[in-house]
1. Counting only heavy atoms of protein chains, what accessible area per residue, in Å², does the range 16-96 have with a probe of 1.4 Å?
2. Determine how large the accessible area of Asp24 is when every protein chain is in place; take a 1.4 Å probe and give Å² rounded to the nearest 10.
3. D for the range 16-96, whole µm²/s, Stokes-Einstein with Kirkwood Rh over alpha-carbon pairs at 20 °C and 1.002 mPa s: what number?
4. On the full set of protein chains, 1.4 Å probe, figure out the accessible area of Lys95 and give it in Å² to the nearest 10.
Amino acid sequence: MPKIRTTRTKKPPEGFEDIEGILDDYAKKMRDAENESHEGKRKTESLWPIMRIAHTRSRYIYELYYKREAISKELYDWLLKEGYADANLIAKWKKPGYEKLCCLRCIQTRDMNYQGSTCICRVPKAQLRAGTIVECVHCGKF
Ligand SMILES: [Zn+2]
Ligand SMILES: [Zn+2]
C-alpha cells in the first residue's frame, strides 16, 4: 500500500531539528512578551521586549549562517521565508559599519533627517565613553 501524501505539513530542510529547541524557546518568550500587561507603559516601551526577542532571534540565525557556518543555505533561506529572522535587518548587518544596527528604524530616522538622535548602534565603539548606557528609543536595545 502506498503511503498517502499530504502537502499540509511541509518538512523543514535538514538541520532544523538541531536548532528547533532554541527556536521554540524564542517563540515561547515572544508569546509571553505579547501577553504581558502593557499597563503604565508608553506604547513604544511595551513593544521593546518583542523587538528585543525578534532582534536576538535574527542575530542567532545570522550568526549560525554567516559566522559559524553551522546551517545550510537551504535551511537559512527557509528560516527567513518562514519569518524566523528579519531578512532586512540581516541585509544591513552584512554591510560594513552596520554590524551592530539594533533595528531598522535607526537608519530610517536618519534618512528622515532627525538631528541629534543617533542611536548607540550607529556610534563607533571607539567613540563611546566607558560606562555610557544609551537605550535605543525605538526598540530599547542596549
Ligand atoms: Zn539603534
Ligand atoms: Zn533600535
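1. Per residue, the range 16-96 has an accessible area of 63 Å².
2. Looks like 90 Å² after rounding.
3. D, rounded to a whole number, is 157 µm²/s.
4. About 90 Å², rounded to the nearest 10.
The values are calculated or read from the model by the stated rules, or taken from the named source; none is laboratory data. What you see is a predicted model; the values in this text were computed from it and never measured. Areas reflect the complete protein model, heavy atoms only, side chains present, ligands, DNA and RNA absent. Shrake-Rupley method; radii C 1.70, N 1.55, O 1.52, S 1.80 Å.
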